[in-house]
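Heads up: the structure comes next, in structure tokens.
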């Protein structure tokens with residue numbers, strides 16, 4: 001398979017997954033606003049931008065962390081390459097270059113998603129109802145896309161590059177959703193472990209679609225268990241560890257290798273990071289500090305991304 | 001339409017059909033349906049006009065869902081548009097087709113001998129048949145190709161020769177398109193849709209198939225390499241090219257990779273493509289990128305569409321390019337005027353398909369004639385295609401004519417002029433009525449082990465009333481073309 005084609009399929013999936021997760025980020029705030037009794041604490045929109053790592057660009061374009069600015073920046077801003085609109089447009093451009101490789105149904109879904117949000121961008125308003133529907137559509141559109149891909153695309157090299165891209169992106173975004181808690185301020189330190197604190201945690205869980213699955217596994221809401229669930233769970237499809245297992249399996253299918261051994265830099269770095277998660281417990285995480293741990297993980301995952309690019313996409317050797 | 005004609009009863013939609021003294025492909029001057037159309041019109045009248053119109057709408061929808069599109073760029077935003085399609089086919093009777101086919105083979109043979117000669121001994125110039133200055137002033141002439149001999153001595157592997165039929169009923173060659181002619185994907189798409197639209201008609205009529213074109217194209221391309229199982233690719237400028245759909249379609253139909261310039265790399269005297277498993281050698285490139293964009297080292301240094309160093313590999317014979325770089329000189333519209341002389345010179349034959357009479361503004365006598373008669377003529381830029389850089393004297397304003405006159409005086413080598421030809425017409429469904437619309441024909445010719453002419457080709461139709469311009473960029477559509485056995 002051409003490197004460019006593999007890369008396009010990979011990024012097409014990453015962009016769709018990214019758009020979905022940006023919708024999830026914003027939902028955290030919506031969930032919080034609805035769960036908290038009015039007047040408990042001021043709405044906080046700054047954590048959303050800090051989480052995405054695009055704070056500098058935001059400051060340059062908008063300045064103040066108001067609700068309108070933050071939503072506009074994350075959802076509709078053309079000059080933000082990671083906004084939902086930019087992601088869908090990039091996903092479509094990637095899909096266009098591989099139309100002869102992917103199934104026509106996949107192309108149709110991406111094209112329809114892209115076309116359907118354009119009128120919404122024009123008539124955008126910040127009414128809660130409009131936005132909730134918009135973010136639900138984005139999430140559903142993304143789910144539909146991955147469903148269509150799984151139902152219509154042969155499990156060939158192309159599919160595995162797409163699947164690997166999707167799960168690497170998801171691992172990064174679940175990590176960031178969890179990291180939002182670091183930026184959410186409590187009125188003071190005495191609030192740690194109080195219902196307000198737990199409400200913030202459960203808003204994160206809901207945004208990761210993990211609320212019910214968490215309940216089935218652990219029952220009561222406890223910080224350590226929420227962290228354990230979203231990072232270390234093997235089976236929950238948005239948990240970081242699950243994502244890494246999936247991504248590594250696709251990588252092995254591409255190279256013909258096996259987990260536990262490596263021939264390429266991509267396999268080495270991916271395998272290392274996945275096994276690190278296999279042999280980590282929640283105590284280790286809190287020893288390093290949750291925010292520090294999440295931050296380090298993002299850096300390591302980025303490195304895996306570079307290794308994959310170097311191994312398959314850029315100058316391949318004879 | 002005259003009163004004495006006999007038409008099938010239900011086909012009374014033709015009652016008000018007016019032929020306006022043009023050659024009509026379906027109806028004879030006396031109002032009779034031509035024999036090659038008899039079966040079709042009988043069938044269509046059996047279906048009833050409402051049903052026919054309904055099937056037209058169904059065909060339009062099928063094009064959209066199949067994604068057979070071309071790109072138009074406006075305001076920096078790309079739009080994918082459907083090439084309008086009309087379901088009444090253009091039918092060519094077998095005797096007429098056989099003559100066209102012989103004529104095209106003759107023409108391509110001569111053009112190819114010309115290319116061999118012009119980049120080799122240049123005998124035709126030394127013998128004074130074509131003035132040297134015309135060749136060396138052509139932007140399509142590439143000095144870098146002098147002394148080169150492509151595999152099997154073939155230069156123009158794929159060509160699309162535009163034909164028109166004048167009111168005298170004779171097919172004339174309007175243009176030779178030897179530089180990556182496009183449109184063949186529409187021929188295949190049109191046929192696919194027509195089979196769905198009129199299955200009952202197709203079953204009963206002996207229409208020569210076109211669907212084997214991608215296979216023949218692949219065979220021709222593989223023939224250009226000496227390796228046992230050569231790797232063939234299609235090179236596209238990318239998704240922003242107006243013919244991107246066709247590039248992707250042909251690659252898919254041939255089962256080969258569709259590559260962009262950045263997918264290819266030159267190393268140790270060979271061309272490779274970057275794959276996820278490392279570099280893979282490429283032997284034959286069907287390139288849909290213009291000559292001057294192919295290699296920034298040798299041609300346009302600003303090109304990002306090409307592959308640095310690829311021309312050196314080509315020169316060493318380590319990769320084949322179709323069509324060969326330098327071929328464009330032969331579809332310069334000034335050089336086109338000399339093709340009948342080439343046929344005589346190289347083959348000692350008379351041309352089977354005549355040229356449209358052509359005035360070369362480069363020649364002072366011709367130029368004076370063109371400037372005086374510009375209102376009656378079609379003026380074309382020698383090196384542009386797609387209906388761009390063109391003036392139709394009969395429809396131009398005073399200002400436009402004056403502007404063209406000035407350009408002709410300033411750059412006489414760059415312009416030619418032809419009398420306005422009365423393109424033949426085919427009945428066409430326009431707003432639920434049948435109206436006569438002008439057509440041309442672009443048959444595709446492959447030159448490999450032997451010369452293959454695709455039976456039929458692309459019939460383009462000018463959908464605007466009275467319009468003679470059939471290009472898709474100028475409001476043209478297309479029809480399926482049937483060659484009957």
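Read-outs throughout are calculated quantities, based only on the coordinates presented, and are distinct from any laboratory measurement. All of these numbers come straight from a predicted model, not from anything done at the bench. Because the Cβ atoms are built from the backbone with ideal geometry, glycine has one as well, and the counts that use them run over all protein chains shown.
Per-residue counts of other Cβ atoms within 10 Å, averaged by peptide: what ranking do you get for B:97-109, A:164-176, B:81-93, B:349-361, highest first?
Descending mean neighbour count gives A:164-176, B:81-93, B:97-109, B:349-361.
Please check: in the Gaussian network model of chain A (C-alpha springs, under 10 Å), which one of A:154, A:207, A:83 has the largest mean-square fluctuation.
Comparing A:154, A:207, A:83 in a Gaussian network model of chain A, the most mobile one is A:154.
Using DSSP, restrict attention to beta bridges with both residues in the protein assembly as shown and report what percent are antiparallel, rounded to the nearest 5.
75 percent
Between the range A:1-70 and the range A:189-252, how far is it from one alpha carbon centroid to the other, in angstrom?
18 Å
Roughly what percent of Cα-Cα pairs across chain B reach past 37 Å?
29 percent
Principal axis extents for the range A:99-246, Cα atoms only, whole Å, descending order, please.
On the principal axes, the range A:99-246 reaches 59, 41, 24 Å in Cα extent.
How fast does the range B:212-322 diffuse by Stokes-Einstein, in µm²/s, taking the Kirkwood radius from C-alpha pairs at 37 °C and 0.692 mPa s?
234 µm²/s
What does the average come to when, for each residue of peptide A:1-8, you count the partner chain Cβ atoms lying within 10 Å of its Cβ? Numbers along the way, then the final one.
Details: counts 4, 12, 9, 10, 6, 3, 2, 0.
Taking all residues of A:1-8 together, the mean is 6.
Sorting B:223, B:438, A:291 on the 10 Å Cβ count, fewest up front, what's the list?
A:291, B:223, B:438
Evaluate peptide A:98-109: per residue, the Cβ atoms of other protein chains within 10 Å of its Cβ; return the mean as an integer. Write out the running numbers ahead of the final one.
Working: counts 3, 8, 11, 5, 0, 0, 3, 0, 0, 1, 2, 0.
That works out to 3 on average.
Using the Kirkwood radius over C-alpha pairs as Rh, can you work out the diffusion coefficient of the range B:80-223 via Stokes-Einstein at 20 °C, viscosity 1.002 mPa s, in µm² per second? Spell out each step's value before the answer.
Working: Rh = 18.5 Å.
Using the Kirkwood radius from Cα pairs, D works out to 116 µm²/s.
Roughly what percent of Cα-Cα pairs across chain A reach past 25 Å?
That tail contains 51 percent of the Cα-Cα pairs.
Can you give the average number of partner chain beta-carbon atoms within 10 Å of each beta-carbon in peptide B:245-252, as a whole number?
Across the residues of B:245-252, the mean count of other-chain Cβ atoms within 10 Å is 2.
FRET efficiency for residue A:314 and residue B:195, Cβ-Cβ distance as r, R0 = 45 Å, nearest 0.05?
Efficiency computed from Cβ-Cβ geometry: 0.50.
Using a Gaussian network model of chain A whose springs link C-alpha atoms within less than 10 Å, name the residue from A:287, A:276, A:17 with the highest mean-square fluctuation.
A:287
Please compute the contact order of chain A in relative form: average sequence separation of alpha-carbon pairs under 8 Å and at least six residues apart, divided by the residue count, as a percent.
About 22 percent, as a whole number.
What does a probe at residue A:66 reach in the range A:116-148, counting residues whose amide N is under 13 Å from the point 7 Å along Cα→Cβ?
Within reach of a label on residue A:66: A:126.
What percent does the relative contact order of the range B:212-322 come to when contacts are Cα pairs within less than 8 Å and at least six residues apart? Working shown, then result.
On the way: 199 pairs, mean separation 29.6, N = 111.
Reported relative contact order: 27 percent.
What ranking do B:252-259, A:240-247, B:205-212, A:89-96 get when scored by the average of other Cβ atoms within 10 Å per residue, highest first?
Ranked from most to least packed, the peptides come out as A:240-247, A:89-96, B:252-259, B:205-212.
Give the value in nm², to one decimal: projected area of the alpha carbon convex hull of the range A:58-175, averaged over all directions.
8.1 nm²
Give the value in nm², to one decimal: projected area of the alpha carbon convex hull of the protein assembly as shown, averaged over all directions.
Working: hull surface 162.9 nm².
Over all viewing directions, the protein assembly as shown projects a mean Cα-hull area of 40.7 nm².
Please compute, over every Cα-Cα pair in the range A:108-179, the percentage with a separation greater than 14 angstrom.
71 percent
State, in angstrom, two size descriptors of the range B:359-419 derived from its alpha carbons: Rg to one decimal place and Dmax to the nearest whole number.
That works out to 10.1, 28 Å for Rg and Dmax.
Compute the acute angle (0 to 90°) between the alpha-carbon long axis of helix B:49-66 and the principal axis of greatest extent of the alpha-carbon atoms of chain B; round to the nearest 10°.
The helix B:49-66 is inclined about 20 degrees to chain B.
Test of understanding: in a Gaussian network model of chain A with alpha carbons linked when under 10 Å, which of A:13, A:235, A:82 would top the mean-square fluctuation ranking?
Answer for the Gaussian network model of chain A: A:235.
Which value in Å is the Kirkwood Rh of the range A:166-207 over different Cα pairs?
Hydrodynamic radius (Kirkwood, Cα pairs) of the range A:166-207 is 11.2 Å.
Once both labels are modelled 7 Å past Cα along the beta-carbon direction, what's the residue B:50-residue B:267 spacing in nm?
So the label points at residue B:50 and residue B:267 sit 6.7 nm apart.
Measure nothing but the geometry: give the 0 to 90° angle between the long axis through the Cα atoms of B:35-47 and the longest principal axis through the Cα atoms of chain B, rounded to 10°.
For helix B:35-47, the angle is close to 60 degrees.
Give the calculated FRET efficiency between residue B:365 and residue A:296 to the nearest 0.05, with a Förster radius of 60 Å applied to their Cβ-Cβ distance. Let's see the in-between values first.
Working: r = 83 Å, r/R0 = 1.38.
So the FRET efficiency works out to roughly 0.15.
If r is the Cβ-Cβ distance from residue B:240 to residue A:211 and R0 is 41 Å, what FRET efficiency results, to the nearest 0.05?
So the FRET efficiency works out to roughly 0.35.
Distance between the C-alpha centers of the range B:399-453 and the range B:159-177? Whole Å please.
Here the answer is 8 Å between Cα centres.
When only C-alpha pairs under 8 Å and at least 6 residues apart count, what is the relative contact order of the range B:359-419, in percent?
It comes to 48 percent, rounded to a whole number.
With all pairs of different alpha carbon atoms counted, what Kirkwood hydrodynamic radius in Å does the range B:392-485 show?
16.0 Å
Residue A:188 versus residue B:153, label points 7 Å from Cα toward the beta carbon: distance in nm?
9.8 nm
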